[in-house]
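Presented below is the structure to which this report refers.
Just so you know, all these numbers are worked out from the coordinates, no wet-lab data involved. Since this is a predicted model, take the numbers as computed values, not measurements. Cβ atoms come from the backbone with ideal geometry, glycine included; neighbour counts cover every protein chain shown.
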Amino acid sequence: MLREFFDGLFNRPPTQDGFAQKMIKAARDSGYSATLEYLPDEFRLRHGDNGFFNLHNAYRDYLKADKQHKPQVLSGYLATLLGAENSPILTFEQVRPLLRPVIRNRAMLEEVRLHHARSEGWDSPYIVAHRPLGKDCVTLLAVDYPETTSTLTKGPQDDWGISFDEALAIALDNLREATPDAFEEIIPGLYLGAWKDGYDTSRALLPDVLQRAPIKGQPVFMMPTRDVLMVTGDKDPESLRHMIELSCQAVENGRVLSGQIYTYDERQIIPFVLQDPELTERLDALARLMSQGIYSMQKEMLDKVHEDQKEDVFVATYMLYENAEDNGKTFSIAAWTEGVETSLPKTDRIVLVQPHHEGSAVTEVFAWQDVESVLGELLAPDKDLYPPRYRTLGFPNAEQRSRLTPIG
């Protein structure tokens, strides 16, 4: 009680536990009477008939919002929670006009899968109905209820009698019909999708829509967060530069979606290949920034899975640094320590650590490509994790290390 009093008095942000209790109170105040149990170790709520509501995104967005908008963030996530429990059971004819496509980062699927692995074990299959999009995103099927969007991770209901691809085609047609032109020019030649209905980024799946933007050349677009879709033309290098810079800013204030640049080929989404080395480096920096957050979430989940299943594995941290001597370029690095079975993230560099008994250690840093080429036999893919990790199989001996080229 005193902690809550002083937090309110001095406007301190709530702890994770405090935020969870705030969500539960808001749900009860809204009339929710079914089971609602807080699982602090997993930072999620168990609700209704063994459903789960993860609190990570809600908590992060609540902390980032200014005081005026915090109630809106809370009510938005509360609507999602209540909608998940109260969504009506619909026939296919009823649900058909409500189908929509949504694009999500692959890490969302990984988070759900790791929760499943924690409770059911690694060998228990968990399949999500999706279509790959680029190297870091997927397309899923959703139902657009009045108060919330319900993502159908298992795909269409069996009694609808249609396949995932058929349902997705219907969802795309529905979205197209609900898409007037709504592009806002934010910098000369660079346009922001301004539908503001929760499906802005989904419209990247409609090439004919983006082609209607008054751009120079063919559409080139980015969707750094779930709510931001930017498009420019492939003949407009200055707007392309601005699009990358704005994407770097967007990921600090939204739910990460993709760090890639895309275009179309025969109406299919494909990666856009940059010709400017400076822009390529900025895009790589954006990818590293996104990877840092995603790997952090993955490490947190893996630590809990290993603890529950009594697996003695060190899950190495994806660390991000800025090189002041190289124009502020960034690089990622992880530690591989002798005598410690480790799950390594894929980073730009690896530091090999040999501890000494007195507490000191010998360290050497190498490029990932060099380590993978020379020490590949000591690295095995760690299951099929996303982003990828590699399980260490021992530690390189002196002869193997002598074939590596140290960095600085």
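Search the structure for amide H atoms under 5 Å from the amide H of L133, placed 1.01 Å from N in the peptide plane, and list their residues when 5 or more places away or on another chain.
Counting only residues 5 or more places away or on other chains, the set is V138, T139.
Restricting to DSSP loop positions (anything but H, G, I, E, B) with no more than 12 other Cβ atoms inside 10 Å of their own Cβ, which GluC sites (Glu not before Pro) remain in the stretch 141-241?
Qualifying residues, ordered by number: E147.
Treat every Asp and Glu Cβ in the chain as -1 and every Lys and Arg Cβ as +1, leave all other atoms uncharged, and give the resulting dipole magnitude about the Cα centre to the nearest 20 debye.
Here the chain has a charge dipole of around 640 debye.
Return the label of the correct value of Rg and Dmax of the Cα atoms in Å, as calculated from the structure shown, out of [x] 19.6, 57; [y] 21.4, 79; [z] 23.4, 72.
[z]
Taking 0.36 nm per residue of separation and subtracting the Cα-Cα distance, what length does fully extending V112 through E322 add?
Value of the extension gain: 72.4 nm.
Only Cα pairs under 8 Å and at least 6 apart count here; give the relative contact order of the chain as a rounded whole percent.
That works out to 9 percent.
Count neighbours as other Cβ atoms within 10 Å of each site's Cβ, and list the trypsin sites (Lys or Arg not before Pro) in the stretch 11-82 that are DSSP loop with at most 13 such neighbours.
K67
Any chance you could run the full-extension gain for A65 through Y38? It's 0.36 nm times the residue separation minus the Cα-Cα distance, nm to one decimal.
Taking 0.36 nm per residue and subtracting the Cα distance, the gain is 7.4 nm.
Check which residues have an amide H placed less than 5 Å from L229's amide H, if you skip close sequence neighbours.
G193
Take T35, T91 and order them by how many other Cβ atoms sit within 10 Å, fewest up front.
T91, T35
Calculate, for N253 and W122, the FRET efficiency according to 1/(1 + (r/R0)^6) with r their C-beta to C-beta distance and R0 22 Å; round to the nearest 0.05.
Efficiency for this residue pair is about 0.05.
Tally Lys and Arg at +1 and Asp and Glu at -1 over the other residues with C-beta under 15 Å from the C-beta of Q249: what net charge comes out?
So the surrounding residues net to +1.
Any idea which of G408, A361, T330 is furthest toward the positive side of the dipole for the chain, if Lys and Arg beta-carbons carry +1 and Asp and Glu beta-carbons -1?
Working it through, the farthest residue towards the positive pole turns out to be T330.
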